[in-house]
Amino acid sequence: MKKIIGLTIWIFIVIIIIPAILIQSCDIGENTIKKEKIIKEDIEYVYVYRTKKDKIEKIEIEEYLKGVVSSEMPASFEMEALKAQAIAARSYAVSRVKAYGGKGNPGHKGSELCDDVHCQVYRDESELRHIKPKDWMRDYYPRIKEAVEKTKGLIMTYEEKPISQPLFHSTSGGKTENSEDVFTSAVPYLRSVESPYENEAPHYTDEYVLRPSEFVSKMKKKYRDITLNSTNIKSQIKILQRSEGGRILKIKIGNKVLRGRDVRSVLGLRSANFSIRYGGGDIIFNTVGYGHGVGMSQWGANGMAKEGYKYDEILKHYYIGVDIMKMK
Ligand SMILES: [Zn+2]
């Protein structure tokens, strides 16, 4: 009798309970897929002005993105960071096609994008083979391809429209910048946010040392009418205002009030977030971060990926209020 009861229970489990569990998990899977939001954009190709060859190439968008991500982020970065970069690059490409498709981006010989830093750097496979270290194509290129293929068609949108400024930089230095503090306009999704996982960034802080006479000559080369001399240089430099992210907005040098980003460019500093020390007769610039600081920090994205965050969480952290949608 006991055997019969035991058998009945087993049959019940096999016939009723296990299939019920399986059906439920299938439902969960389906629901996850259904959640992907679709945007009506149909962009398969981009026209790219190849600056060195001085010609326009028509490139399938996903192929183009492999050449961009290879050039814009180290392929050794975490997969989720590479995916975030792929989506940022795709969003940029799509926004340029929407803005300039047909009529051409000014100065781009009729195409929508160029292959240089002005837009985003693109190198095709034969160029990558030439530029990258030996075995890169074998060991690292497959990672780039995977990042692009697994995010196929995904772009960032804001209020249901593809975003046009998916800006990024190497290292924020702990906090990113509001767009209007670095460039001219306030973009709603480019707000200053914390970037806590950048510890491994090679240029998180840096130092740049020069003699007062060198400093004066560099400044005079750029600003011919500046009143500045190398004796008692300390009394002639004053930081006046910093941004929310820490970069210098205004600095007085001699008789001029300059922007931190201009001083960064004149001296070739890694960031406009710097402090100044004086020692041994030198001026010492201590920088924090690397790059303009707006949008996604690449080292921050890599750090987030190491902490277990997924590409969509990384993007939504650095670009406030965006959605990720699939082109159809
Ligand atoms: Zn361009």
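The values are calculated or read from the model by the stated rules, or taken from the named source; none is laboratory data. This is a predicted model, so every value here is computed, not measured. With ideal geometry, Cβ positions are generated from the backbone for all residues, glycine too; neighbour counts draw on all protein chains shown.
What to note about this one:
Rundown of residues vs (1) within 16 Å of E63 (Cβ to Cβ); (2) assigned to a loop (DSSP other than H, G, I, E, B); (3) touching a Lys or Arg at 6+ places or on another chain (Cβ under 8 Å); (4) free of Cβ contacts under 8 Å to residues at least 24 places away in the same chain, yes/no style:
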site	(1), (2), (3), (4)
Y122	yes, yes, no, no
S126	yes, no, no, yes
K134	no, yes, no, yes
M137	yes, no, yes, yes
I155	no, no, yes, no
Q165	no, yes, no, no
G173	no, yes, no, no
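Here's the yes/no breakdown for (1) closer than 27 Å to S172 by Cβ; (2) among the small types (G, A, S):
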| site | (1), (2) |
| --- | --- |
| S230 | no, yes |
| I233 | no, no |
| I237 | yes, no |
| I248 | yes, no |
| V257 | yes, no |
| A272 | yes, yes |
| S275 | yes, yes |
| G281 | no, yes |
| N286 | yes, no |
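- The set of residues from region 292-327 being crowded, with 24+ Cβ neighbours inside 10 Å and touching a Ser or Thr at 6+ places or on another chain (Cβ under 6 Å) comprises G293, V294, S297, Q298, W299, G300.
- Residue in region 224-238 that is in a helix (DSSP H, G or I) and in contact (Cβ under 8 Å) with a residue 40 or more places away in the chain present: yes
- Note on region 137-164: residues that are over 27 Å from E125 (Cβ atoms), surrounded by fewer than 19 Cβ atoms within 10 Å (Cβ to Cβ) and out of contact with any Asp or Glu (no Cβ under 8 Å at 6 or more places or on another chain) amount to 3.
- Restricting S91, S195, S179 to residues that are outside the structural domain of E62 (by TED's automatic domain parsing) and either touching a helix residue (DSSP H, G or I) at 6+ places or on another chain (Cβ under 9 Å) or within 16 Å of the ligand (Cβ to nearest atom) (or both) narrows the list to S195.
- Only one entry in Q85, Q120 is within 13 Å of the ligand (Cβ to nearest atom) and either at pLDDT 95 or above or buried (at least 23 other Cβ atoms within 10 Å of the Cβ) (or both), namely Q120.
- Which numbered condition W299 fails, given (1) part of a strand (DSSP E or B); (2) under 20 Å from the mean Cα position of the chain (by Cα); (3) not small (G, A, S): (1)
- Residue match in region 257-272 (condition: assigned to a strand (DSSP E or B) and either buried (at least 17 other Cβ atoms within 10 Å of the Cβ) or out of contact with any Asp or Glu (no Cβ under 9 Å at 6 or more places or on another chain) (or both)): yes
- Any chance N286 is touching a residue at least 24 places away in the same chain (Cβ under 8 Å) and assigned to a helix (DSSP H, G or I): no
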